1. Does any residue of the stretch 43-64 turn out to be open to solvent by 50 Å² or more (accessible area, probe 1.4 Å), modelled with pLDDT under 85 and not in a helix (DSSP H, G or I)?
2. Does the stretch 1-42 hold any residues that are open to solvent by 80 Å² or more (accessible area, probe 1.4 Å) and either of a type in the set (S, T, N, Q) or closer than 26 Å to Leu90 by Cβ (or both), and which are they?
3. Inside the stretch 141-171, can you point out the residues that are within 13 Å of Val116 (Cβ to Cβ) and surrounded by 13 or more Cβ atoms within 10 Å (Cβ to Cβ)?
4. Within the stretch 67-125, track down each residue that is touching an Asp or Glu at 6+ places or on another chain (Cβ under 7 Å), at pLDDT below 85 and not polar (S, T, N, Q).
5. Any residue at all in the stretch 117-124 that's surrounded by 15 or more Cβ atoms within 10 Å (Cβ to Cβ), basic (Lys, Arg) and under 17 Å from the mean Cα position of the chain (by Cα)?
6. When residues of the stretch 111-153 are filtered for being aromatic (Phe, Trp, Tyr) and in a helix (DSSP H, G or I), how many remain?
Amino acid sequence: MRENNAKIQKIQKSSNVAFILVKIMKIFCITMSVITIVCGCGFIGAKGYLDQVLAEAVETGEVAAEELYVNTGRFLDQALDLAHVESASLTLGVYMIVTGIVLICFSIVSHFMGKVFKDIKESYSPFRPEIVKSLKVVFVLITMLSLRSSLLIGAVVGFSLWCVFQIFEYGCELQRQSDETL
């Protein structure tokens, strides 16, 4: 019995550390999403001025159009026509707003992950129905975010998390049976 208590305490301690780290990650994601969205709106709001400055920088050679192409990434590759720099601030603004929304999604996942770790930290067993329910939410959100990368990666992540979820459900059933026996 002492050995089981030691294992539970070890799980609770590691869950506490994970809870603190996830909380820090959540605060960081929220802060960065606000900054990114505000900057994106600023780029869109200052569209005329920024596009003029950028066009002049390309004309004078201070900024090469190829640098814009390399530094803007896949998202902007299709949206940014390098021959017409006039759309650069709008495109960058939209890109930053989309990035801010993705960071908000990460903060939502962090919130639910923190809830799981907090519940584990405060319970006598990680195999409780409310923890399994929170895990399901986290796993669905993670799968949805991983689908953003590619369908194959999303499918592999989703299937893997589904298997882990099944293991936790089974552990929850075993815990219920153990509690009834006592």
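1. yes
2. Once the filter is applied, which keeps residues that are open to solvent by 80 Å² or more (accessible area, probe 1.4 Å) and either of a type in the set (S, T, N, Q) or closer than 26 Å to Leu90 by Cβ (or both), the stretch 1-42 yields Asn4, Asn5, Gln9, Val34, Ile35, Val38.
3. The answer is Leu141, Ile142, Leu161, Phe165, Phe168.
4. Val85, Glu86, Ala88
5. No.
6. 3
The values are calculated or read from the model by the stated rules, or taken from the named source; none is laboratory data. Not measured: the values here are computed from a predicted model. In this analysis, Cβ positions are derived from the backbone assuming ideal geometry, glycine residues included, and neighbour counts consider all displayed protein chains. Surface areas here come from the heavy atoms of the whole protein model, side chains and all, with no ligands, DNA or RNA. Shrake-Rupley method; radii C 1.70, N 1.55, O 1.52, S 1.80 Å.
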